[in-house]
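Chemist: First, the structure itself, so that you have it in front of you.
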Amino acid sequence: VTNSAHFEVISDPAEEGQPIALGTEPVGGTPGIASGTTQYAATDGDLAGMTAAACTPAAHQHWLTGATTTTGTTSVLTVTNPSATNSTVNLSVFGADGPVEASGASDIVLAPGQTQSLLVAGLAPRQNSVAVQVSSSGGPVAADIQQHRLDGIVPAGVDTLQPATAGSNVVVPALQIPGDAEDIADESGLDGQSPTLHVTSTGSAVSATITLRGPDGPVDVPTEASAIELAPGASTTVDLSGVEPGTYAVEIDADANVVASADSLAYNPAGDNEDATGNTSAVDTAYMPSTAPIRGETMVALPAIADPESRLILTSAEEATVSITPIDDEGQRGEELTQELSGETAVTVEEEDAAGYLLETGANDVHAGVLVDSSAGISAMPVNTVNETGSGLPVRLGY
């Protein structure tokens, strides 16, 4: 990596329609690192809220967890084949009682460059927490779930659910508990909204413990939220509204493999939608999956619309050091700073003029995520290390 960088915002659709993928290629084919972020924001209408998603390489397997298919929530699974060969996709669906028999989930053939979308409610209706395993043969695929919720006509959040990392010990690197979490339903008039952890067993029965990491170390979790039991292939939710307000990382330690995600919550009393009772409140949610540790050099592109304020959250189980170089919207690299992490902590880094970051660490257990606050709502996105490559980085655009 040289001392030069590049930053670009692409906001206009292509002349023949919205592009579904964008590839980055280092000049001359020299290996390099890149990062992209897709963003959506609206302050009114049914889709009021904000969502940001990190662009991740296509793969032959993805786990997506945290979808909801109850009344008022629309969840759309989107699978894209950015490769040059056909891809055959199979979906495995998991709900509260375990694996779900879903019609139309097998042998989905995608031609090169093709995208297909399916309603998650058509695969697993009336579920509070649904996980989908996306497996492909042939070309690798990209996958996510676009989700939005309405309570009557009041917007209740938009999200992009991104692939989660599975394991017996998984970390969700960023969760925001608002100061009014326990009162949010009463103030907004929206039922069933609270900061929530989603955990899914990938196959075996699971016993798991849940711990939170704050800036000063481990934080107490309410007793009812500190331990869970899961049947084979089952998915469940854990209400975190009793946690003290703040920014945290979540660790799930299990005796078998799980995947997890967390929904942060923000109450917006200035929402533009008014229901029959005159309620003009709105809620937005921010989805964060369990992530793999970052390795070596990692690039982070920050959202650039809706006047966002982005916070980088770093967490580690052990003492670690992360070098952070901010990059501004002119592509200029700023002064490198060194962030020391104590074990079992979650540290927030915020640089006012940063449009992105270059992270470097030699540690093996540093997880990272970004929390975004804006005039349109809140969002969250994982930070993933992308291996150096000269073959491009496929990303999806649009909501």
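The values are calculated or read from the model by the stated rules, or taken from the named source; none is laboratory data. Keep in mind that this is a model prediction, so the values were computed, not measured. Backbone-built Cβ (ideal geometry, glycine too); neighbour counts: all protein chains shown. With ligands, DNA and RNA removed, areas are computed over all heavy atoms of the protein, side chains included. Shrake-Rupley method; radii C 1.70, N 1.55, O 1.52, S 1.80 Å.
Chemist: When you go through (1) under 12 Å from Thr69 (Cα atoms); (2) surrounded by fewer than 18 Cβ atoms within 10 Å (Cβ to Cβ); (3) in contact with a strand residue (DSSP E or B) (Cβ under 6 Å, 6 or more places away or on another chain) one by one for Ser129, which number turns out not to apply?
Modeler: (2)
Chemist: List the pairs whose first member sits in region 22-46 and is crowded, with 18+ Cβ neighbours inside 10 Å, whose second member is among the β-branched types (Val, Ile, Thr) and at pLDDT 60 or above, and whose Cβ atoms are under 6 Å apart, counting only residues at least 6 apart or on separate chains?
Modeler: Ala34/Thr24; Ser35/Val300; Gln39/Ile305; Tyr40/Thr51; Ala41/Ile305
Chemist: Follow-up. Between Val238, Val250, which is closer than 16 Å to Val170 by Cβ, among the hydrophobic types (A, V, I, L, M, F, W, C), in a strand (DSSP E or B) and at pLDDT below 95?
Modeler: Val238
Chemist: When the residues of region 30-67 are narrowed to those that are closer than 19 Å to Ser83 by Cβ and not in a strand (DSSP E or B), which ends up modelled with the lowest pLDDT?
Modeler: Ala34
Chemist: Scan region 129-183 residue by residue and report those that are without any contact (Cβ under 8 Å) to a residue 60 or more places away in the chain and farther than 22 Å from Ser264 by Cβ.
Modeler: Result: Gly138, single match.
Chemist: Of all residues in region 201-235, count the ones that are open to solvent by 20 Å² or more (accessible area, probe 1.4 Å) and part of a loop (DSSP other than H, G, I, E, B).
Modeler: 12
Chemist: From the set of residues in region 91-123 that are over 21 Å from the mean Cα position of the chain (by Cα) and under 26 Å from Asp46 (Cβ atoms), which is surrounded by the most Cβ atoms within 10 Å (Cβ to Cβ)?
Modeler: The residue in question is Leu123.
Chemist: Which of the following residues is closer than 24 Å to Thr51 by Cα, part of a strand (DSSP E or B) and either open to solvent by 20 Å² or more (accessible area, probe 1.4 Å) or acidic (Asp, Glu) (or both): Thr74, Thr70?
Modeler: Numbers: Thr70 fails: part of a strand (DSSP E or B).
The conditions single out Thr74.
Chemist: Same structure again: Restricted to region 281-300, and to residues that are crowded, with 16+ Cβ neighbours inside 10 Å and modelled with pLDDT under 90, which residue is farthest from Asp365 (Cα to Cα)?
Modeler: The extreme case among them is Ser281.
Chemist: Can you give me the number of residues within region 211-230 that are among the aliphatic types (A, V, I, L, M) and under 19 Å from the mean Cα position of the chain (by Cα)?
Modeler: 1
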